[in-house]
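Worksheet for the structure shown next.
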Amino acid sequence: MSAQAKEQAGAGPLSEAVLARFAKEVAKYPAEQKQSAVMACLAIVQQEVGHVSADSEAQIAAYLEMAPMAVHEVTTFYNMYNQRPVGKYKLNVCTNLPCQLRDGQKALQHLEQKLGIAMGQTTADGLFTLQQSECLGACADSPVLLVNDRSMCSFMSNDKLDQLIDGLKKSEAR
Amino acid sequence: MSAQQVLDQFAASGSETCFHDRHIEPQIYAGLDGANWHLKDYEARGGYQALRRILGKDGSEGLTQDQVIATVKESALRGRGGAGFPTGLKWSFMPRQFPGQKYLVCNSDEGEPGTCKDRDILMFNPHIVIEGMAIAAYAMGITVGYNYIHGEIFQVYDRFEVALEEARAAGLLGNNILGSSFSFQLHAHHGFGAYICGEETALLESLEGKKGQPRFKPPFPASFGLYGKPTTINNTETFAAVPWIIRHGGQAYLDCGKPNNGGTKIFSVSGDVERPGNYEVPMGTPFAKLLELAGGVRKGRSLKAVIPGGSSSPVLPAHIIMDCTMDYDSIAKAGSMLGSGAVIVLDDSRCMVKSLKRLSYFYMHESCGQCTPCREGTGWLSRVVDRIENGEGRPEDLDLLDNVAENIQGRTICALGDAAAMPVRAMIKHFRPEFEHHVAHKTCLVGAYV
């Protein structure tokens with residue numbers, strides 16, 4: 001399903017698997033402090049759906065017994081929540097100073113050329129979204145990028161960047 | 001190959017940053033190889049012996065809460081997150097007799113540019129943090145704890161969850177630990193991209209499921225912390241130091257550092273060095289030695305400047321940092337801060353205006369927007385540095401930067417405002433001619449910025 005189609009389809013009901021993951025998070029906190037699980041629940045939905053829609057926020061709000069606006073405040077405050085659909089692979093390249101000193105900026109530029117898009121854009125086939133990011137906490141591994149919030153790729157020379165993009169494209173073609 | 005297999009090829013192995021033989025008398029990173037992070041491996045290295053000792057489960061009579069705190073005080077362990085506050089003293093602030101719930105929080109929201117030490121601790125030696133937290137919880141009479149982990153290092157969060165399961169299954173966490181009357185529940189919580197949550201009260205707000213905007217202090221977390229309850233917050237590396245201190249004694253820990261600066265410290269060395277990585281060395285190790293461990297300045301160039309304690313700490317020119325030892329007092333005396341131990345090295349090809357431009361953008365981006373001087377001031381700093389770097393600077397801009405920085409510093413709820421202002425003032429103080437050249441000639445004094 002394309003990113004646009006996904007958005008039009010709305011969030012759909014939360015699956016049993018997602019609800020089980022929510023429950024595991026909620027269990028970490030005192031019974032009257034369910035709201036503490038909101039960041040984890042939003043991250044779980046994003047992993048499943050690709051972004052956080054208003055419908056998803058409403059579902060999480062209902063689950064955690066919070067105001068939808070309180071959930072929205074969290075979505076909009078933290079950098080990693082996708083407030084709109086992104087490509088299947090979101091690439092966040094760190095360009096903060098320690099990375100800039102070790103080709104972080106060059107890695108971003110290389111990906112712009114390789115993918116034919118500018119930072120902040122998504123490729124026409126919906127596969128890749130390219131973003132500049134702030135410190136990922138892997139400064140000694142520069143150039144570094146984070147793929148889909150969960151996979152850190154370290155020491156990304158231009159050759160490795162090419163391998164990454166080509167490899168992901170190939171895995172899609174299979 | 002599946003997409004995940006493609007991605008996994010590029011995961012850091014830790015061999016470059018952590019398992020090298022260039023630490024000096026390591027305690028936290030000792031004996032790690034990337035595969036030996038499980039409970040059984042940690043126990044083979046002597047892990048959980050300190051917890052057994054305080055609980056009297058090693059044949060001894062155990063340690064009282066006061067004895068544990070006294071040992072940590074004697075060690076001169078200071079907070080490794082940035083502020084360097086004496087850990088034993090912080091623990092003594094916890095009102096142990098408070099009748100309600102109290103909380104222990106580990107700050108693993110490692111987002112200070114230049115810092116990646118806690119990631120390697122949690123990834124390759126997670127149980128040392130669990131044991132350190134359990135000891136701290138025992139000392140302060142706390143039964144529930146959370147480890148707040150930087151959202152960008154999600155693999156570390158997943159690993160910590162596995163380590164927690166291992167510890168629970170072995171009776172090292174949970175109710176009646178090792179058959180004692182001590183119970184401690186520990187959970188992992190992740191962030192999702194907000195530098196400000198490294199500030200302890202912002203972290204607490206975030207842990208409560210809100211925007212991470214810092215709270216006024218006082219009240220301090222020791223009296224009004226998580227969910228309004230007494231809470232102690234320490235950095236990951238601080239907790240990781242505790243098991244060694246209990247096993248070997250406070251004096252032994254102090255002896256491997258220098259007075260008032262006990263123990264070893266992990267420095268994350270980044271930027272223009274041959275071998276960027278984490279280096280665990282005794283407090284008080286000369287900067288020159290640390291630079292040597294990291295392979296020296298890259299490509300044989302000469303050292304221009306060092307940001308010694310993360311991007312928020314004032315920059316020090318080469319001639320000053322080369323005379324420093326790496327400990328809280330020496331770096332403070334030189335006019336900067338040891339901070340989180342992130343050593344950002346710049347060689348002589350670097351333009352300081354361009355370097356500052358990237359940092360100022362970062363602080364503007366990460367200001368939480370709560371306090372006007374920071375929200376507006378960081379934007380001013382970023383825009384003015386940007387126009388100087390772009391050759392559009394005005395002669396009065398240097399004074400303007402100083403004025404804006406002065407009006408941020410000390411006028412905000414948390415230290416992010418100071419963190420944004422200090423690098424600007426230090427850069428201009430030490431490298432003023434570069435800024436003046438950019439304004440006067442619209443070009444860079446240094447030349448090509450690689």
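The values are calculated or read from the model by the stated rules, or taken from the named source; none is laboratory data. No experiment lies behind these values; they were computed from the predicted model shown. Cβ atoms come from the backbone with ideal geometry, glycine included; neighbour counts cover every protein chain shown.
Here are a few things to note about the model shown:
- Leading residue by the ranking (nearest to the other protein chains (Cβ to nearest Cβ)) among those in the stretch B:193-210 that are farther than 20 Å from A:Glu32 by Cβ and in a loop (DSSP other than H, G, I, E, B): B:Gly193
- In the stretch B:182-197, the condition of being at pLDDT 95 or above, under 29 Å from A:His72 (Cα atoms) and in contact with a Pro (Cβ under 9 Å, 6 or more places away or on another chain) is met by at least one residue.
- Helices (runs of 4 or more DSSP H) fully within the stretch B:289-394 that include at least 3 residues being away from chain A (no Cβ under 14 Å) and in contact (Cβ under 8 Å) with a residue 24 or more places away in the chain: B:328-333, B:372-389.
- Restricting attention to the stretch B:163-192 and to residues that are in contact (Cβ under 8 Å) with a residue 12 or more places away in the chain and in a loop (DSSP other than H, G, I, E, B), the residue that is surrounded by the most Cβ atoms within 10 Å (Cβ to Cβ) turns out to be B:Gly191.
- In the stretch B:83-103, the qualifying residues are those that are touching a helix residue (DSSP H, G or I) at 6+ places or on another chain (Cβ under 9 Å) and within 14 Å of chain A (Cβ to nearest Cβ), and the one that is farthest from B:Thr236 (Cα to Cα) is B:Gln101.
- Number of the exception - B:Tyr253 against (1) within 14 Å of chain A (Cβ to nearest Cβ); (2) touching a helix residue (DSSP H, G or I) at 6+ places or on another chain (Cβ under 7 Å): (1)
- Verdict on B:Cys414 being touching a residue at least 60 places away in the same chain (Cβ under 8 Å) and touching an Asp or Glu at 6+ places or on another chain (Cβ under 6 Å): yes
- Residue check: B:Phe220 meets all listed conditions (1) modelled with pLDDT of 95 or more; (2) surrounded by fewer than 22 Cβ atoms within 10 Å (Cβ to Cβ); (3) in contact with an Asp or Glu (Cβ under 8 Å, 6 or more places away or on another chain) but one, namely (3).
- Looking across the stretch A:66-81 at every residue that is in a loop (DSSP other than H, G, I, E, B) and either within 11 Å of chain B (Cβ to nearest Cβ) or buried (at least 21 other Cβ atoms within 10 Å of the Cβ) (or both), the one that is farthest from the chain's Cα centre (by Cα) is identified as A:Met66.
- Among (1) buried (at least 24 other Cβ atoms within 10 Å of the Cβ); (2) over 19 Å from B:Pro282 (Cα atoms); (3) more than 14 Å from chain A (Cβ to nearest Cβ); (4) not charged (D, E, K, R), the one test that B:Ile128 misses: (2)
- One residue alone among B:Glu25, B:Glu74, B:Glu61 is loosely packed, with under 15 Cβ neighbours inside 10 Å and at pLDDT 95 or above, and that residue is B:Glu25.
- Qualifying residues in the stretch A:120-174 (those that are among the β-branched types (Val, Ile, Thr) and surrounded by fewer than 22 Cβ atoms within 10 Å (Cβ to Cβ)) - the one nearest to the other protein chains (Cβ to nearest Cβ): A:Val147
- Qualifying residue in the stretch B:66-79 (condition: of a type outside the set (Lys, Arg) and within 14 Å of another protein chain (Cβ to nearest Cβ)): no
- Test set (1) polar (S, T, N, Q); (2) within 7 Å of chain B (Cβ to nearest Cβ); (3) more than 26 Å from B:Arg159 (Cα to Cα); (4) surrounded by fewer than 20 Cβ atoms within 10 Å (Cβ to Cβ) - A:Gln100 fails condition number: (4)
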